[in-house]
Amino acid sequence: MRRRSLLLTVPAGLATLAACGDDKSDSSKASDSPSPSASGPSAAPSPKIVDGPLPAVTAGTKFDEKPTVAKGSGEPSKDLAVKTLIAGGGKTVAENDFVVANYLGQVWNTAKVFDNSYDRKARLAIQLTQGQIIDGWRYALAGKKAGSRVEMAVPPTWGYGTQGNAQAGIKGTDTLVFVVDIQDAFNATSSAKGKEVPQQNADLPKVGTNTDGKAPSIEVPDKAAPKKLVAEYVLEGDGEEVAAENSVLVQYKGVLWDGGKEFDSSYANKQLVSFSLQQVVKGWAQGLTGKKVGSRVLIVVPPELGYGDNPPQGSGIKKDSTLVFSVDILAKL
């Protein structure tokens, strides 16, 4: 089990489509929707991938529009049916990548929609790895490109198995139909790619500007820590601004102001992290609000906006510590 991010102030909920293992992953969107989830990592063999049958998309046919999908006609395939409805030209999705997507899921023989991200206006970010997502998605999306719309029909073997998912109204015999709009894909070597912003304040830490996927350096000055929150661009991206109610997918590194010792890092964990800004320490929530996707941000968090006199046990953070972070905002969810 990978180490949980120290940033979260409350447990993150399982993402829609996530497999329920023993890793209560924070690499998920925060959602209270009736989220279908698998009972555990699948031991099913690799599926044969066929191109149909698949029901028609009758409305919302453009990329990133909420689709309307017809009821399945006849018996679905016992294999995994996959078709690219719109071919994108972005990054190729690989196993273990984090996929950012909008999607809709319904039952083959009733056309009952059990979940969709379009109405929530919150994209999903989830890792295509066993135990994190149903196998149908893992196999159907690998090799597809960002900007693509993919339709799939997932039999129980590569969905939720014979147990189904009662919370979502899915029976153990149900084949599931998904339409997935792949927004982007990221992995553990992803970095912000924004324009460098001069770091001229000698009273603040200086953050490295490398974009090679390696952890940037953080040089903390031998000076008194600021009393107020600092949140400044190191690399300024040109993406959407992050709002206080959003979730984000990030790379980050955290060090102590006193001594500059690293105490947490997604780079060291080799694992991207996603979370709602309503789940993290106040310094992060306030520091990232209004910042643009594609940016690297220096955040200096005073104790009252961090952990104050109650730091996480075993974190190496002392009471009333000022914390310094470099945060790469990869996607807004």
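Which members of segment 274-293 meet the condition of being without any contact (Cβ under 8 Å) to a residue 60 or more places away in the chain, open to solvent by 10 Å² or more (accessible area, probe 1.4 Å) and outside any loop (DSSP other than H, G, I, E, B)?
Of everything in segment 274-293, those that are without any contact (Cβ under 8 Å) to a residue 60 or more places away in the chain, open to solvent by 10 Å² or more (accessible area, probe 1.4 Å) and outside any loop (DSSP other than H, G, I, E, B) turn out to be LYS282, ALA285, GLN286.
Residues checked against (1) out of contact with any helix residue (DSSP H, G or I) (no Cβ under 9 Å at 6 or more places or on another chain); (2) at pLDDT below 95:
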residue	(1), (2)
LEU17	no, yes
ALA44	no, yes
THR84	yes, no
THR92	yes, no
ASN96	yes, yes
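Among the residues of segment 226-256, those identified as out of contact with any helix residue (DSSP H, G or I) (no Cβ under 9 Å at 6 or more places or on another chain), open to solvent by less than 40 Å² (accessible area, probe 1.4 Å) and farther than 14 Å from GLY290 by Cβ are PRO226, VAL234, LEU235, SER247, LEU249, GLY254, VAL255, LEU256.
So that you can scan it fast, the table gives a plain yes or no per residue for (1) of a type outside the set (Asp, Glu); (2) under 26 Å from LEU128 (Cβ atoms):
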site: LYS195; (1), (2): yes, no
site: LYS223; (1), (2): yes, no
site: ALA231; (1), (2): yes, no
site: GLU240; (1), (2): no, yes
site: TYR252; (1), (2): yes, yes
site: GLU262; (1), (2): no, no
site: VAL273; (1), (2): yes, yes
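In the condition set (1) assigned to a helix (DSSP H, G or I); (2) touching a helix residue (DSSP H, G or I) at 6+ places or on another chain (Cβ under 7 Å); (3) under 27 Å from GLY294 (Cβ atoms), TRP137 is compliant with all but (2). The set of residues from segment 209-226 being in contact (Cβ under 8 Å) with a residue 40 or more places away in the chain, assigned to a loop (DSSP other than H, G, I, E, B) and either in contact with an Asp or Glu (Cβ under 9 Å, 6 or more places away or on another chain) or over 19 Å from LEU272 (Cα atoms) (or both) comprises THR209, ALA215, PRO216, VAL220, ALA225, PRO226. Within segment 257-269, the set of residues being touching a residue at least 60 places away in the same chain (Cβ under 8 Å), surrounded by fewer than 20 Cβ atoms within 10 Å (Cβ to Cβ) and either assigned to a strand (DSSP E or B) or in contact with a Pro (Cβ under 7 Å, 6 or more places away or on another chain) (or both) comprises just one member, PHE263. Among the residues of segment 140-163, those that are touching a residue at least 24 places away in the same chain (Cβ under 8 Å) and either open to solvent by 30 Å² or more (accessible area, probe 1.4 Å) or assigned to a loop (DSSP other than H, G, I, E, B) (or both) comprise ALA142, GLY143, LYS144, LYS145, ALA146, GLY147, SER148, PRO155, THR157, GLY159, TYR160, GLN163. Check whether at least one residue in segment 294-315 is crowded, with 19+ Cβ neighbours inside 10 Å, under 21 Å from LEU124 (Cβ atoms) and touching a Gly at 6+ places or on another chain (Cβ under 7 Å), and report yes or no. Yes, segment 294-315 contains a residue that is crowded, with 19+ Cβ neighbours inside 10 Å, under 21 Å from LEU124 (Cβ atoms) and touching a Gly at 6+ places or on another chain (Cβ under 7 Å). Can you confirm whether segment 97-117 contains a residue that is within 30 Å of GLN278 (Cβ to Cβ), among the basic types (Lys, Arg) and without any contact (Cβ under 8 Å) to a residue 60 or more places away in the chain? No: segment 97-117 contains no residue that is within 30 Å of GLN278 (Cβ to Cβ), among the basic types (Lys, Arg) and without any contact (Cβ under 8 Å) to a residue 60 or more places away in the chain. Specify the residue that is surrounded by the most Cβ atoms within 10 Å (Cβ to Cβ); the eligible residues are those in segment 64-75 that are touching a Leu at 6+ places or on another chain (Cβ under 9 Å), touching a residue at least 60 places away in the same chain (Cβ under 8 Å) and outside any strand (DSSP E or B). My answer is PRO67.
Residue-level analysis places VAL93 outside the set of residues that are touching an Asp or Glu at 6+ places or on another chain (Cβ under 7 Å), among the β-branched types (Val, Ile, Thr) and closer than 30 Å to VAL273 by Cβ.
The values are calculated or read from the model by the stated rules, or taken from the named source; none is laboratory data. Everything quoted here is computed from the prediction, not taken from an experiment. Neighbour counts are summed over all protein chains in view; Cβ atoms, including those assigned to glycine, are modelled from backbone coordinates with ideal geometry. With ligands, DNA and RNA removed, areas are computed over all heavy atoms of the protein, side chains included. Shrake-Rupley method; radii C 1.70, N 1.55, O 1.52, S 1.80 Å.
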